[in-house]
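For reference, the structure is listed below as structure tokens.
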Amino acid sequence: MGFCFSPASRSVSMLSNTSVLLVLLLSCTFFASTESYDPLDPNGNITIRWDVMSWTPDGYVAVVTIFNFQQYRHIQAPGWSLGWTWAKKEVIWTMLGGQATEQGDCSRYKGNVPHCCKKNPTVVDLLPGTPYNQQIANCCKGGVISSWLQDPANAASAFQLSVGASGTTNKTVRLPKNFTLKAPGPGYTCGPAKIVKPTKFPTADKRRFTQAQMTWNVTCAYSQFLAQKTPTCCVSLSSFYNDTVVSCPTCACGCQNNATQPGSCVEPNSPYLASVVSNAGTNSPLVQCTSHMCPIRVHWHVKLNYKEYWRVKITITNFNYNMNYSQWNLVVQHPNFDNLTQSFSFNYKPLTPYAAINDTAMLYGIKFYNDLLMEDGPSGNVQSELLFRKDASTFTFDKGWAFPRRIYFNGDNCVMPPPDAYPSLPNASIRWGVSRFSIAVILLVLLLHLGLF
């Protein structure tokens, strides 16, 4: 006997399925929109400000400034590249402090040829040492931009461009669209340009302000999920009270697959190491063969215990043969940072993403001393020690309290070992159990020796 469903029941079923699909789609949209949110830097972003400074017969002259408002995520070499799509048939006549990577098809122009005629130009910064007559303020650093907290004086980059074949008034200008920012690779997603109040500029004596003819902003947010498919760093742990060294999780940043993909990693004692490194691409990672396959490993060692203080040693090791990390930084979250007494070889600045709670620190190298983390090799590490004052109400070595909650290297979240693998305090009950067992064995041997059994 077959089963029969009424039209009403079928409608309810279809409605239920539709509701489930709608919920799933909304969930996917929600999670996709929160991928760029960083709980340790909730307001961090890169803002691109486009100031129209003056009008020309066929367009305008603008200064474009890239501000890095991220507290600890910077743009390292080979630097940023900024792209967009023109709304009409605009061209770039000239540039200062930057250059378009391609000129494009300018065949319709005779005599005076524009700097770039592409519909979707890509602009990069000029290199240090550029002649002064091609520079403007905040340009020519090779695209390197420091983080806002680490070096605010160098947390911006700028270039000037003269735009033609565009509008010549606020009402006829069309905003560029589809902005893209690579820093130097993917990871940033940029929103649409939005017109804001014109920027005001103080004169040298600060007694008068001039202002731009028109200003629009573009905001770009970072997502580690978009930047790379796998993590870039991992954390290992050790302590003075336990002989166990907890290594980075296996395959934390990938697994060795030299059998199927030769050259995915290099053995440190390989006789061909020098030739492999010299032939590698400048931007492609070339890591040492390890169980974790991470370019960066951060080791946290609980070193000493004093009456009122305790001491930690941090070591950052570079396993990448093809990358130096300049202006590196480390963000560490631990509840005892509110009582940090001294950082011996790293600079320290507190982060307070949760207002009054000071449990997050940014550590970075001292300029001209250890602010450059060299490629894999004898000099491929930096280290420092931290001295904490104990708080009697919270301090303990039990249950992994002495180890960090999370660690970021250059703004990317590092893979932590599982909590149940953390070095633990010696268990007194186990020691007592072993002692009782030893006593029982000794008594049994004595009884056997006396012939009582």
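To make sure I understand the rule: partners must be aspartates and glutamates, Cα under 17 Å from the Cα of residue 200, and not fewer than 8 residues away in the same chain. Which ones qualify?
51
Note down the accessible area of residue 374, probe 1.4 Å, to the nearest 10 Å².
Probe radius 1.4 Å; accessible area of residue 374 about 60 Å².
Keeping the other protein chains in place, figure out the carbon and sulfur percent of the accessible area of the stretch 106-250, with a 1.4 Å probe.
54
Taking 51 Å as R0, compute the FRET efficiency from the Cβ-Cβ separation of residue 349 and residue 107 and round it to 0.05.
Using R0 = 51 Å, I get an efficiency of 0.45.
Rg/Rh for the stretch 353-431 to two decimals, with Rh computed the Kirkwood way over all alpha-carbon pairs.
Result for the stretch 353-431 is an Rg/Rh of 1.03.
Points 7 angstrom from Cα along the Cβ direction at residue 208 and residue 358: gap in nanometres?
4.5
Relative contact order for the stretch 197-239: what percent, with Cα pairs under 8 Å and sequence separation of 6 or more?
Once normalised by length, the contact order is 28 percent.
List the pairs from 197/349; 313/349; 141/206; 182/367; 303/349 whose alpha-carbon separation is above 24 Å, in the order I gave them.
Where the Cα-Cα span goes over 24 Å, the pairs concerned are 197/349; 141/206; 182/367.
Explain nothing, just the number: dipole magnitude of the stretch 334-420 about its Cα centre with +1 on each Lys and Arg Cβ and -1 on each Asp and Glu Cβ, in debye rounded to the nearest 20.
Charge dipole of the stretch 334-420: 260 debye, to the nearest 20.
With every protein chain kept in place and ligands, DNA and RNA left out, what is the accessible area per residue of the stretch 142-253? Probe 1.4 Å, answer in Å².
In whole numbers, the stretch 142-253 has 51 Å² accessible per residue.
Determine the per residue accessible area of the stretch 38-130 with all protein chains present and a 1.4 angstrom probe, expressed in square angstrom.
That works out to 41 Å² per residue.
If you add up the charges near residue 329, with Lys and Arg at +1 and Asp and Glu at -1, over every other residue whose beta carbon is less than 15 angstrom from its beta carbon, what do you get?
-1
The values are calculated or read from the model by the stated rules, or taken from the named source; none is laboratory data. Only a predicted model underlies this, so the values are computations on that prediction, with no experimental measurement involved. Quick reminder, even Gly has a Cβ in these numbers, built from the backbone with ideal geometry, and neighbours come from all protein chains shown. The accessibility values were calculated without ligands, DNA or RNA, using every heavy atom of the protein model including side chains. Shrake-Rupley method; radii C 1.70, N 1.55, O 1.52, S 1.80 Å.
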